[in-house]
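Enquirer: I have a structure here, written as structure tokens, and I will follow up with some questions on it.
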Amino acid sequence: MLIMPKFVEKNRLNMPSTRIRQEQEIVAQMVRIYCRQKEKHTDLCPDCKELLQYAHARLSHCPFGEKKTTCRLCPVHCYKPDRRKKIQEVMRFAGPRMILYHPTAAIRHLLQEFFHK
């Protein structure tokens, strides 16, 4: 059994779980793809930056933690209706493109969705 130093254990309590961090990174990648290709910005525009911050906040407060499914399969809709519509638009646009720009993350995400059904 691995014994962690106390300072590591304390830091772990404040950090999101690995599953949540992966979801946050995937959402960030999707928002970047959407903003660059659909809205033609080199950096995130203020709207996309706000959407990304909102998505990260929602994921950080996910009640499922490590047992979290993908957002599409989640029984709890934690987004406000207007933000939910926007994130769906982003995911529909960027989702298929993820395999080109971030193939490892895309395949991992698809496998997690497949095994959580």
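Quick note: the coordinates plus some simple rules give every number you see, no bench work behind them. Bear in mind that the values here come from a model prediction, so they are computed numbers and not experimental data. A quick note on method: Cβ atoms are made from the backbone with ideal geometry, for glycine too, and the neighbour counts reach across all protein chains shown.
Enquirer: Please list, in order along the stretch 74-86, the HN-Hα scalar couplings obtained from phi with the Karplus expression 6.51 cos²θ - 1.76 cosθ + 1.60 (θ = phi - 60°), rounded to whole Hz, x for Gly and Pro.
Expert: Each residue's phi maps through the Karplus curve to give 6, x, 9, 9, 8, 8, 5, x, 5, 6, 5, 4, 5 Hz.
Enquirer: Here's a follow-up. For the stretch 17-115, what does the convex hull of the Cα positions come to per residue, in cubic angstrom?
Expert: Values: hull volume 9.3 nm³, N = 99.
So the per-residue Cα hull volume is 94 Å³.
Enquirer: First measure r as the distance between the Cβ atoms of Glu39 and Ile99, then evaluate 1/(1 + (r/R0)^6) with R0 = 25 Å and state the FRET efficiency to the nearest 0.05.
Expert: Numbers: r = 21 Å, r/R0 = 0.84.
The value I calculate is 0.75.
Enquirer: Continuing with the same structure: Sum up the lysine pairs in the stretch 17-115 that clear both bars: alpha-carbon distance under 18 Å and a spacing of 8 or more or different chains. Don't jump to the answer; show the numbers that get you there.
Expert: Working: Lys38/Lys49; Lys38/Lys85; Lys38/Lys86; Lys40/Lys49; Lys40/Lys86; Lys49/Lys80; Lys49/Lys85; Lys49/Lys86.
Here the count comes out as 8.
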